[in-house]
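Contents: one structure, followed by commentary.
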């Protein structure tokens, strides 16, 4: 992807559905033999991978509209989520809970590490074991068996989103009551809970640190609209700010963006919230800030790379502390290639600005890093060449088209070396 910087972004943009909400909700289709109809599903590489995985398990999956998907698991034909798919999309691991709940057995590949950190699945395993499942590790796979899961009290050592979702789906048809304490509070967890309730589950406390689930005999089909992507919203907000533009986000989930809005306002960016929409504009000078990533409702780690790009333009020294993933600063060295002044000290990045960014060949190391580098490219004086944009297509739907409509100069070119 070639990004030509220097153009302030102006206009109105509409967000796609949330990838992080859509993927576990698609896996919830395993819990019922009846159809699950989803709207506002983003057309992304990860969604395609989820469809392929569910298809291998016996789920009939089809697009019924531009962003509408119908899933029907009338019969489960396989109990195995293979390594070939799980390694490409970590969210595949959340098939463990619903597959075990529906059939009494599951064999799911361990996802292993990834570019931004180890992200072990021990919390998933501990929680599902607490529901009475026998689990063993064989040949790189988690093998789970349970004649009938039984409710239990589960304490998560950290509020893992994936573990919370996996345990929720395992518990909805378990015998008796389940308590998940120190549960993740993210909007994507809440959206999954809403779908499960529509399917007949009895869940209370979603959005708090304690989720209570009373098991039911079985679930039924439902219809649901996926929430809008708050990470795409934050990325677009930073895009407006870093280019000195003026952008309206017509369907922004304002209530889910309080920490992001607060931090952007702290830098001096003007953010106006109006119902479900936002307007973002930047003053002449950006103020440096201190930023710490935290579980929701704190500042999301998935927007840390984007904010680092923005803070290279602040007048002074900013400090970013990453508390979620230990390796999520690999974009810093790529930003330095563009002229950024960033000093790394463990899980802290010291960003001195303002830096005059200039275009350079850079490489994306993960999904959010790719967005951070695009934002830096939008503020750079000359063209930036970003490689490995397959990361981008995993999580941002038609991003280049959306940015181009706001006035950005972006083009995709074929890499003849591949």
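The values are calculated or read from the model by the stated rules, or taken from the named source; none is laboratory data. Here the structure is a predicted model, which is why all the values come from computation and not from measurement. Backbone-built Cβ (ideal geometry, glycine too); neighbour counts: all protein chains shown.
Key figures
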item: Elements of type strands (runs of 3 or more DSSP E) in region 1-65, at least 1 residues being free of Cβ contacts under 8 Å to residues at least 24 places away in the same chain and closer than 30 Å to residue 282 by Cβ; result: none
item: Selection status of residue 280, in contact with a helix residue (DSSP H, G or I) (Cβ under 6 Å, 6 or more places away or on another chain), under 19 Å from residue 12 (Cα atoms) and outside any helix (DSSP H, G or I); result: yes
item: Strands (runs of 3 or more DSSP E) contained entirely in region 333-377, each with at least 2 residues that are closer than 20 Å to residue 315 by Cα, under 23 Å from the mean Cα position of the chain (by Cα) and modelled with pLDDT of 95 or more; result: 348-353
item: Matching residues in region 342-359 - criterion: being touching a residue at least 24 places away in the same chain (Cβ under 8 Å) and more than 16 Å from residue 307 (Cβ to Cβ); result: 356, 358, 359
item: Residue satisfying all of: in region 292-319; free of Cβ contacts under 8 Å to residues at least 40 places away in the same chain, outside any loop (DSSP other than H, G, I, E, B) and in contact with a helix residue (DSSP H, G or I) (Cβ under 6 Å, 6 or more places away or on another chain); nearest to residue 366 (Cα to Cα) among these; result: 293
item: Residues (in contact with a helix residue (DSSP H, G or I) (Cβ under 8 Å, 6 or more places away or on another chain), closer than 12 Å to residue 56 by Cβ and at pLDDT below 95) located in region 84-107; result: 85, 86, 92
item: Residue that is nearest to residue 38 (Cα to Cα), among those in region 206-221 that are touching a residue at least 40 places away in the same chain (Cβ under 8 Å) and assigned to a loop (DSSP other than H, G, I, E, B); result: 221
item: Output for region 259-283, where each listed residue is in contact (Cβ under 8 Å) with a residue 40 or more places away in the chain and over 23 Å from residue 347 (Cα atoms); result: 278, 280, 281, 282
item: Restricting region 275-298 to residues that are touching a strand residue (DSSP E or B) at 6+ places or on another chain (Cβ under 9 Å) and at pLDDT below 95, the residue that is surrounded by the most Cβ atoms within 10 Å (Cβ to Cβ); result: 282
item: Which listed residue, of 247, 254, 197, is in contact with a strand residue (DSSP E or B) (Cβ under 6 Å, 6 or more places away or on another chain), more than 20 Å from residue 151 (Cα to Cα) and surrounded by fewer than 20 Cβ atoms within 10 Å (Cβ to Cβ); result: 254
item: Selection within region 122-174 - closer than 20 Å to residue 201 by Cβ, modelled with pLDDT under 95 and in a strand (DSSP E or B); result: none
